[in-house]
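See below for the structure under consideration.
Computed from the coordinates by the stated procedures, all read-outs in this text should not be read as laboratory data. Since the structure is predicted, the reported quantities are computational estimates derived from the model, not experimental observations. Reconstructed Cβ throughout: ideal geometry from the backbone, glycine too, with neighbour counts over all protein chains shown.
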């Protein structure tokens, strides 16, 4: 790797979620990491563009990344999950997606949750911060913000069904409602719900729509054909993908849809 190639990879990393060059870099490979997430990757330049590998990450990240970049997986890919990236633009997208997933999967929102809660409480008057109700409200506010960010990262900033990518029109929708979760880990689990457009979120939250085991949208008969058309609900709508880890939470939501039968 020459100096120009190294500089190009360093810049791609810095601009796309991997701001640190790690001392573990080996001959021909540049190892990159970040203080914002646990993932570490190695990148090298070659005649076909770039090769990249996941060196350290959450167990679920390789599969999620392969879903986003199926055409770049190296033939006969190994456990290290190697990817062949033909252009600088593809490398940038791969790094950006890897960083986003590393910040979302599966419970990254939990890693800094308590610290964020304590920081928020520290901004309040001491007497107020000691109130059990205030602490509950702060934990809920901080947690919901963390969950939304994790969902935006996981779904690439686009609705899980329609692909709408207007942030103001998107909602982080729990499958197992916040109030019904047993732990903060459940509340902040990126697999406990979907990033949905506002109308789908409202219907999902009201148990008027759900998704079957394949991710296909199911709509209650309480929503008339006329209203379905007005809401933009069409035959064949389904989740862009559905991971096995969604199924437990989705089953919980479906059980609340008394009209649904598998």
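Using Cβ counts within 10 Å as a stand-in for footprinting exposure, how do 14, 235 rank, fewest first?
On the way: 14 15, 235 8.
Lowest to highest Cβ neighbour count: 235, 14.
From Cα pairs below 8 angstrom and at least 6 apart in sequence, can you work out the relative contact order of the stretch 155-215, rounded to a whole percent?
Relative contact order comes out at 36 percent.
Given Cα pairs under 8 Å that are at least 6 residues apart, what percent is the relative contact order of the stretch 114-256?
Values: 163 pairs, mean separation 30.6, N = 143.
It comes to 21 percent, rounded to a whole number.
Take residue 258 and residue 230, extend 7 Å from each Cα along the Cα→Cβ direction, and tell me the distance between the two endpoints in nm.
Result for the modelled spin labels: 2.5 nm.
If you fit an axis through the alpha-carbon atoms of helix 132-154 and take the longest principal axis of the Cα set of the chain, what angle between them do you get, 0 to 90°, nearest 10?
50
Pairs of Cα atoms under 8 Å, at least six residues apart: use those to get the relative contact order of the stretch 3-104, whole percent. Kindly include the intermediate steps, with their values, before the conclusion.
On the way: 164 pairs, mean separation 27.4, N = 102.
Over the stretch 3-104, the number comes to 27 percent.
Can you give me the angle between helix 113-122 and the longest principal axis of the chain, using Cα atoms only, in degrees from 0 to 90, rounded to the nearest 10?
Roughly 70 degrees between the two axes.
To test your reading of the geometry: what angle, between 0 and 90 degrees and rounded to tens, separates the Cα axis of helix 3-15 from the longest principal axis of the chain?
So the helix axis and the longest Cα principal axis differ by about 10 degrees.
Place a point 7 Å from Cα of residue 245 in the direction of its Cβ. Which residues in the stretch 29-66 have their backbone N less than 14 Å from it?
38-39, 57-66
Give me the extension gain from residue 2 to residue 141: residue separation times 0.36 nm, minus the current Cα-Cα distance, reported in nm with one decimal.
Extending this stretch completely gives an extra 45.2 nm.
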